[in-house]
Amino acid sequence: MNKKIENAFNKQINAELYSSYLYLAMSAWLESKNFKGMAHWMRAQAGEEQNHARKFYDFIHDRGGRVKLAAIDAPPTDWTSPAAAFKEAYKHECKISAMIHGLVDLAVKEKDHPASNFLQWFVSEQVEEEAHASEIAEKLSLIGDSRGPIFMIDAELGKRGG
Ligand code: OFO
């Protein structure tokens, strides 16, 4: 396997696992504030991020590369409001999209067609990830501090599958 791609993909495993850790931390904070539905949504998201990390992990092995796991940074523990947490999730997803686009650029530069093809799934996935987080963040910031609507959104997000 191309070494530059292998190193970059190992870094991406770490970024995906950090995303999982970040969303689990948000879930724990939301749970502590009794927003059970939003906590459920974030926990499901944390699970998705583990799957993203596993996709890179499996691809590296399929290509005869070597997976090397590094330490995962500690995420924050507190947010000022559910809106702030979802806004941060949205910003984080934009950062992850930029990383994925950087990997696509590298795969093209290295003429690694299997890697380019593999990354296309992530390019589409990031469009959804950004859209979901931004939609929830916008709804929450529009309603401000009104408890009723916040709990309605909480109930809606509690229905997320997975
Ligand atoms: Fe893995 O998509 Fe979010 O971070």
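Details
- Residue count for the stretch 97-123, restricted to those that are of a type in the set (Ser, Thr, Tyr) and open to solvent by 70 Å² or more (accessible area, probe 1.4 Å): 0
- Set side by side, the residues Phe86, Phe118 differ, and just one is closer than 30 Å to His61 by Cβ, of a type in the set (Phe, Trp, Tyr), in a helix (DSSP H, G or I) and in contact with a helix residue (DSSP H, G or I) (Cβ under 7 Å, 6 or more places away or on another chain), which is Phe118.
- The residue of the stretch 126-148 that is farthest from the ligand (Cβ to nearest atom), among those that are of a type in the set (Gly, Ala, Ser) and surrounded by 10 or more Cβ atoms within 10 Å (Cβ to Cβ), is Ser146.
- Filtered residues of the stretch 68-91 (kept if open to solvent by less than 20 Å² (accessible area, probe 1.4 Å) and closer than 14 Å to Ala15 by Cα): Ala89
- Note on the stretch 75-125: residues that are basic (Lys, Arg) and either within 13 Å of the ligand (Cβ to nearest atom) or in contact (Cβ under 8 Å) with a residue 40 or more places away in the chain (or both) amount to 3.
- Among the residues of the stretch 52-74, those that are closer than 20 Å to Asp112 by Cα, in a loop (DSSP other than H, G, I, E, B) and in contact (Cβ under 8 Å) with a residue 60 or more places away in the chain comprise Arg63, Gly64, Gly65, Arg66.
- The stretch 1-40: number of residues that are more than 10 Å from the ligand (Cβ to nearest atom), within 12 Å of the chain's Cα centre (by Cα) and not aliphatic (A, V, I, L, M): 2
The values are calculated or read from the model by the stated rules, or taken from the named source; none is laboratory data. In this text, all values refer to a predicted model and were calculated from it rather than measured experimentally. Every residue, glycine as well, gets a Cβ built from its backbone with ideal geometry; the counts of neighbours run over all protein chains shown. Calculation scope for accessible area: heavy atoms of the full protein, side chains included, ligands and nucleic acids excluded. Shrake-Rupley method; radii C 1.70, N 1.55, O 1.52, S 1.80 Å.
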